[in-house]
1. Could you grab me the full set of residues in segment 28-45 that are surrounded by 18 or more Cβ atoms within 10 Å (Cβ to Cβ) and touching a residue at least 40 places away in the same chain (Cβ under 8 Å)?
2. Somewhere in segment 42-49, is a residue hydroxyl-bearing (Ser, Thr, Tyr) and closer than 30 Å to Thr147 by Cβ?
3. Give the residues of segment 46-74 that are more than 16 Å from the ligand (Cβ to nearest atom) and surrounded by fewer than 20 Cβ atoms within 10 Å (Cβ to Cβ), sorted by residue number.
4. Name every residue in segment 160-176 that is assigned to a loop (DSSP other than H, G, I, E, B) and free of Cβ contacts under 8 Å to residues at least 60 places away in the same chain, in order of residue number.
5. Confirm whether Ile129 is more than 12 Å from the ligand (Cβ to nearest atom) and of a type in the set (A, V, I, L, M).
6. Looking at (1) β-branched (Val, Ile, Thr); (2) loosely packed, with under 13 Cβ neighbours inside 10 Å; (3) at pLDDT below 95, can you tell me which one Val18 breaks?
7. If Ala81 meets every condition in (1) surrounded by fewer than 15 Cβ atoms within 10 Å (Cβ to Cβ); (2) more than 22 Å from Asp43 (Cβ to Cβ) apart from one, which number is that one?
8. Would you confirm whether any residue within segment 90-106 is more than 21 Å from Val8 (Cα to Cα) and exposed (fewer than 15 other Cβ atoms within 10 Å of the Cβ)?
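The values are calculated or read from the model by the stated rules, or taken from the named source; none is laboratory data. All of these numbers come straight from a predicted model, not from anything done at the bench. Backbone-built Cβ (ideal geometry, glycine too); neighbour counts: all protein chains shown.
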Amino acid sequence: VITTSRLVLRGWEDRDRVPFAAMGRDPLVMATLGPLLPRGESDAAIDRQRDFQARLGHCFWAIERAEDAAFLGFCGLKPGAGGTPIEHEIEIGWRLARQYWGQGYAREAAEASLRWGFTSLGVPRIMAITTPGNDRSWGLMERIGMTRRHDLDFDHPILAAGDPLRAHITYEAVAR
Ligand SMILES: CC(C)(COP(=O)(O)OP(=O)(O)OC[C@H]1O[C@@H](n2cnc3c(N)ncnc32)[C@H](O)[C@@H]1OP(=O)(O)O)[C@@H](O)C(=O)NCCC(=O)NCCS
């Protein structure tokens, strides 16, 4: 469990399944991520994060607001996906429900996740990926001091040729 002034980053609970499924059905949240997620797929995504937590001691954690325990979304650290330029690196990632954007919550969770990663995992760098059109996400990468790695631009292997979300860009945070 990681606490910040306004947030708690924690492992996933079954009570997160309904609000997380609602995020997966929100076209604005999913606009640059791919198709809307049926309940079975959002549940499977939670189960994958629980598996990372059990095996590795970290994952894309659930974000809870400290003052009222509201489920805001997720942020945290997982292994970079196979077949991408960050395959052997730690990846930071985030997704918040629409009503919680624009309040600095993602930034607060991301800064805490980076601190935790550099302190607890001892890695020299932490990577992030997104699509060129996801300015909210790469804007956050820049706000938290990450640097664009133009040399690591890539086409995501899980997406078909011609998919408009296939092109990806990569950012790097280095331990300070
Ligand atoms: C990407 C995402 C997490 C960014 O969330 P966000 O709320 O915009 O990011 P931040 O936490 O940095 O908040 C920044 C905004 O909060 C405002 N803000 C308000 N109070 C603040 C505070 N106390 N501290 C910092 N910023 C604050 C900032 O001014 C800024 O506003 P703006 O969007 O009008 O410029 C969110 O848009 C999202 O979930 N998108 C969909 C999923 C997604 O694309 N995930 C990434 C896939 S690669």
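1. The one that is surrounded by 18 or more Cβ atoms within 10 Å (Cβ to Cβ) and touching a residue at least 40 places away in the same chain (Cβ under 8 Å): Val29.
2. Within segment 42-49, not a single residue is hydroxyl-bearing (Ser, Thr, Tyr) and closer than 30 Å to Thr147 by Cβ.
3. Scanning segment 46-74 gives Asp47, Arg50, Asp51, Phe52, Gln53, Ala54, Arg55, Leu56, Gly57, Asp68, Ala69.
4. Passing the criteria: Ala160, Ala161, Gly162, Asp163, Pro164, Arg166, Ala175, Arg176.
5. no
6. Only one criterion in (1) β-branched (Val, Ile, Thr); (2) loosely packed, with under 13 Cβ neighbours inside 10 Å; (3) at pLDDT below 95 is unmet by Val18, namely (3).
7. Going through (1) surrounded by fewer than 15 Cβ atoms within 10 Å (Cβ to Cβ); (2) more than 22 Å from Asp43 (Cβ to Cβ) one by one, Ala81 breaks only (2).
8. no
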